[in-house]
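> My questions all concern the structure below.
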Amino acid sequence: MVLKKIINRPEDFVDEVTESLLMAHPDRLRAVTADRRALVRADAPVPGKVGIVTGGGSGHLPLFLGYVGQGLATGVAVGNVFSSPSSEQIAAATRGSNGGAGVLYLYGNYGGDVYNFDLAADVVAAEGIGTATVLGTDDVLSAPRGKESTRRGVAGLFFAYKTAGAAAERGDDLEAVRAVAQRTVDRTRTMGVGLSPTILPAAGEPTFTLGEGEMEVGIGIHGEPGSHRGALETADEITDRFLTEILGELDPKPGERVAVLVNGLGATPLEELYLIYRRVHQVLGERGVVIHRRYIGEFATSLEMAGASVSLLLLDDGLAELLDAPAASPFFSQGDTGAVPEAAVRDAEDGAPGAVGRAPEPRRTGTPSALRSLIADVLERMPAHADELRELDSRLGDGDLGITVSAGAAAAREALLALPEDVHHADALRAAASAFAAANPSTFAALVGTGLLAAAAASEESERLSAADAARLTSALTARVRERGGARPGDKTFVDVLLGVERALEGTADAGAAAAAAAGAAERTVEETRGLTSSRGRAAWVGERGAGERDPGSVAVLRFLEELRDRLA
């Protein structure tokens with residue numbers, strides 16, 4: 001397939017898109033970071049109102065950033081094509097959306113997004129911003145009944161933006177807005193079909209292949225495999241497939257109301273979408289189900305993928321009222337929201353990112369921070385281990401751990417050196433955590449980042465850190481990693497190493513001795529767990545073939561502790 005796209009350099013694609021949107025809609029959007037990857041509605045933050053932040057990979061317009069506006073989301077973090085935004089970008093969008101009543105995170109249920117939004121929640125919690133989370137899980141065929149919470153979020157997210165945004169606009173508190181969003185998600189189902197693949201700008205290759213005259217039912221918006229591949233069917237036959245699954249789960253009774261969304265995936269003529277709606281209208285009418293509102297067009301796309309999806313929201317009186325409320329964004333308008341204040345528009349047209357997206361200034365103690373210089377020195381040595389970690393990870397995972405650690409270490413070191421020499425130790429840890437996680441967003445980076453943030457919070461209690469604090473901070477780090485990653489002892493992850501280090505540090509009071517004990521415990525644990533089969537993450541996919549291999553994440557922790565030990569020797 002020949003790459004034919006109206007773009008400039010593929011690597012500039014996302015940044016030029018966000019720049020274009022800001023130019024075209026200065027009355028609606030503004031950036032709160034210099035890289036324009038965190039955007040908010042032009043009048044954000046709205047004092048006293050709950051903010052709603054969404055985000056995800058680019059390539060799905062109008063999802064996600066197309067729903068930033070009045071009566072919808074307040075802010076968005078923009079990732080690369082089909083890739084999660086970083087925790088730093090999410091945190092910046094959160095600050096820019098916080099009007100003092102807290103912020104709801106509302107986004108699709110994808111692993112990288114979950115880790116980075118959770119990490120951002122930890123970052124802003126330390127700044128006093130409360131958050132809550134609701135995940136879109138409307139894709140019927142992405143997981144069976146009984147496992148609805150693991151399903152993907154697709155076009156049905158639109159309904160949650162609409163109802164939660166209206167609830168926030170009328171002044172509901174954070175828990176009430178969260179409850180509205182969750183009720184909407186629970187009562188929404190989506191099913192789609194793909195007719196042709198999408199082509200990533202940077203790769204220039206299709207994300208999947210379909211034969212002539214074939215369709216794939218249940219395909220994801222990134223090209224994830226569906227549940228059925230076969231000969232192309234008629235519009236009515238495809239729609240009947242959708243409705244069999246959707247109505248089988250929602251089971252609307254005669255007289256009940258629904259909202260219908262017929263969505264094009266990027267390259268489907270509007271006429272064909274209306275043919276799908278025609279059949280939906282017929283079937284629902286035969287069942288006596290009332291269509292309260294209908295939306296037909298492109299609401300969640302996948303670049304130039306041909307195909308369509310149908311979403312149904314089973315309404316109650318409260319959700320119907322919120323769905324009917326006015327809303328306005330660059331890509332969606334309903335009713336009259338009133339004009340955006342002129343002052344906000346002037347600020348947006350000025351083009352300068354607002355200070356509201358920036359992290360607070362670090363605290364200073366008046367005494368040089370030994371922790372800052374120590375960690376910076378150790379991080380400088382970590383890129384030397386990149387090849388080893390890449391080779392280990394290529395045998396058990398996707399091979400990106402080497403770049404994750406080397407890029408993360410370099411970014412964290414740069415962040416530390418940019419701080420004042422007398423920075424408070426907790427702020428130093430937070431800066432390193434955020435920089436490491438954002439440099440090359442991945443599960444490992446996010447887990448290390450969130451663990452370091454927990455350690456930073458635990459360190460607030462001490463005016464000065466000593467070796468005696470090491471066990472307590474390691475315990476906080478380990479607990480957070482286990483909470484967010486779900487790993488248990490014996491799953492052959494770096495949690496095993498952290499638990500061994502935690503035990504070895506108990507009662508140590510000398511820094512050199514503590515570092516030596518930690519490195520020794522890590523080395524023993526790496527070897528003791530070598531014969532196990534991995535039970536978490538990508539390494540679990542290789543099954544018994546992983547027995548005998550060292551866990552890459554555990555080795556990364558070991559190398560850090562060895563460098564720390566040598567620095568303190």
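> Take His60, His281 and sort them by solvent-accessible surface of the protein heavy atoms, 1.4 Å probe, largest at the top.
The ranking, largest first, comes out as His281, His60.
> Another question about this same structure. What are the residues whose amide H is under 5 Å from the amide H of Thr133, where those residues sit 5 or more places off or on another chain and H is modelled from the backbone?
The list, which skips near neighbours in sequence, is Tyr105.
> Here's a follow-up. For the full complex of protein chains and a 1.4 angstrom probe, list Ser83, Ser227 by accessible area with the highest value first.
Ser227, Ser83
> Then there is this: For region 97-162 and region 352-429, write down the distance between their C-alpha centroids in whole Å.
27
> Roughly how far apart, in whole Å, are the Cα centres of region 433-479 and region 263-341?
44
> Among Ala168, Gly194, Ile219, pick out the residue whose Cα is farthest towards the positive end of the charge dipole of region 139-241, where Lys and Arg carry +1 and Asp and Glu carry -1 on C-beta, about the Cα centre.
Positive-end residue among those listed: Ala168.
> Short version: ³J(HN,Hα) in whole Hz for each residue of region 46-62, in order, from phi by Karplus 6.51 cos²θ - 1.76 cosθ + 1.60 (θ = phi - 60°), x for Gly and Pro, what are they?
9, x, x, 10, 5, x, 10, 10, 10, x, x, x, 6, x, 10, 3, x
> Turning to a different aspect of this structure: If I take every Cα pair under 8 Å that is 6 or more residues apart in region 1-110, average their sequence separation and divide by the length, what percent do I get for the relative contact order?
Over region 1-110, the number comes to 28 percent.
> While we're here: Hey, what D do you get for region 412-569 in µm²/s if you plug the Kirkwood alpha-carbon radius into Stokes-Einstein at 37 °C and 0.692 mPa s?
For these conditions, the coefficient is 204 µm²/s.
> What ³J(HN,Hα) values, in whole Hz, does the Karplus curve 6.51 cos²θ - 1.76 cosθ + 1.60 give for region 128-133 when θ = phi - 60°, with x put for Gly and Pro?
Rounded to whole hertz, the list is x, 9, x, 10, 9, 10.
> Helix 174-186 sits at what angle to the longest principal axis of the chain, using alpha carbons and giving 0 to 90 degrees rounded to 10?
Rounded to the nearest ten degrees, it is 60.
> Using amide H atoms built 1.01 Å from N in the peptide plane, name the residues 5+ places from Gly55, or on other chains, whose amide H lies under 5 Å from its own.
Ala77, Gly108
> What percent do you get for the relative contact order of the chain when only Cα pairs under 8 Å and 6+ apart count?
Averaging sequence separation for qualifying contacts and normalising by length gives 13 percent for the chain.
> Region 6-37 to region 42-73: how many Å between their Cα centroids?
The distance from the Cα centre of region 6-37 to that of region 42-73 comes to 15 Å.
> For the full complex of protein chains and a 1.4 angstrom probe, list Arg145, Arg279, Arg151 by accessible area with the highest value first.
Descending accessible area places them as Arg145, Arg279, Arg151.
> Same structure, new question: Treating the beta-carbon of each Lys and Arg as +1 and of each Asp and Glu as -1, no other charges, what is the dipole magnitude of the chain about its Cα centre, to the nearest 20 debye?
For the chain, the charge dipole is close to 520 debye.
> Just check region 165-318 against the gyration tensor rule for me: Cα atoms, a ≥ b ≥ c as the square roots of the eigenvalues, rounded for a/c under 1.5, and otherwise prolate or oblate depending on whether a/b exceeds b/c.
oblate
> Then there's this: Report the accessible area of Leu561, computed with a 1.4 Å probe over the heavy atoms of all protein chains in place, in Å² rounded to the nearest 10.
Counting only protein heavy atoms, Leu561 exposes about 20 Å² to solvent.
> Let me have the 222 nm mean residue ellipticity of the chain computed from DSSP H runs of 4+ only, each contributing -39500 (n - 2.57), with the sum over all residues rounded to the nearest 500.
-14000 deg cm²/dmol
> Report, as a whole number in µm² per second, the diffusion coefficient that Stokes-Einstein gives for region 1-97 at 20 °C and 1.002 mPa s using the Kirkwood radius over alpha carbon pairs.
159
> Quote the accessible area belonging to Val185 in square angstrom, nearest 10, computed with a 1.4 Å probe and with ligands, DNA and RNA left uncounted.
Its accessible surface works out to 10 Å², give or take rounding.
> Non-local amide H neighbours of Arg364 (under 5 Å, H modeled in plane, Pro and chain starts lacking H): which ones?
His424
> Still on this structure: Calculate one ³J(HN,Hα) per residue across region 403-411 by plugging θ = phi - 60° into the Karplus curve 6.51 cos²θ - 1.76 cosθ + 1.60, and present them in order as whole Hz with x for glycine and proline.
So the Karplus estimates, Gly and Pro as x, are 6, 4, 6, 5, 5, x, 5, 5, 5 Hz.
> Which angle between 0 and 90 degrees, to the nearest 10, do you get for helix 386-396 versus the longest principal axis of the chain when only C-alpha atoms count?
So the helix axis and the longest Cα principal axis differ by about 50 degrees.
> Could you list log10 I(q)/I(0) for region 402-442 at q = 0.32 Å⁻¹, which the Debye formula gives when each Cα is one point scatterer?
Reported log10 I(q)/I(0), two decimals: -1.01.
> Further, regarding this structure: Starting from the eigenvalues of the Cα gyration tensor, five times each then square-rooted, give me the equivalent ellipsoid semi-axes of region 66-112, largest first, whole Å.
They are 19, 12, 10 Å, listed from largest to smallest.
> OK, next. Heavy atoms only, probe 1.4 Å: what % of the accessible area of region 220-310 goes to carbon and sulfur, would you let me know?
53
> Where the only charges are on Cβ atoms (+1 Lys, Arg; -1 Asp, Glu), what is the dipole of region 373-435 about its Cα centre, to the nearest 20 debye?
In debye, rounded to 20, region 373-435 gives about 80.
> Which whole-number value in Å² is the accessible area per residue of region 492-563, probe 1.4 Å?
Each residue of region 492-563 exposes 44 Å² on average to a 1.4 Å probe.
> Now for a separate question. Using Cα atoms only, what is the angle between the long axis of helix 552-568 and the major principal axis of the chain, expressed in degrees (0 to 90) to the nearest 10?
Approximately 30 degrees, to the nearest ten.
The values are calculated or read from the model by the stated rules, or taken from the named source; none is laboratory data. Please read all numbers here as calculations on a predicted model, not as lab measurements. With ideal geometry, Cβ positions are generated from the backbone for all residues, glycine too; neighbour counts draw on all protein chains shown. Each accessible area value is taken on the protein alone, full model and side chains, heavy atoms only, with ligands, DNA and RNA left out. Shrake-Rupley method; radii C 1.70, N 1.55, O 1.52, S 1.80 Å.
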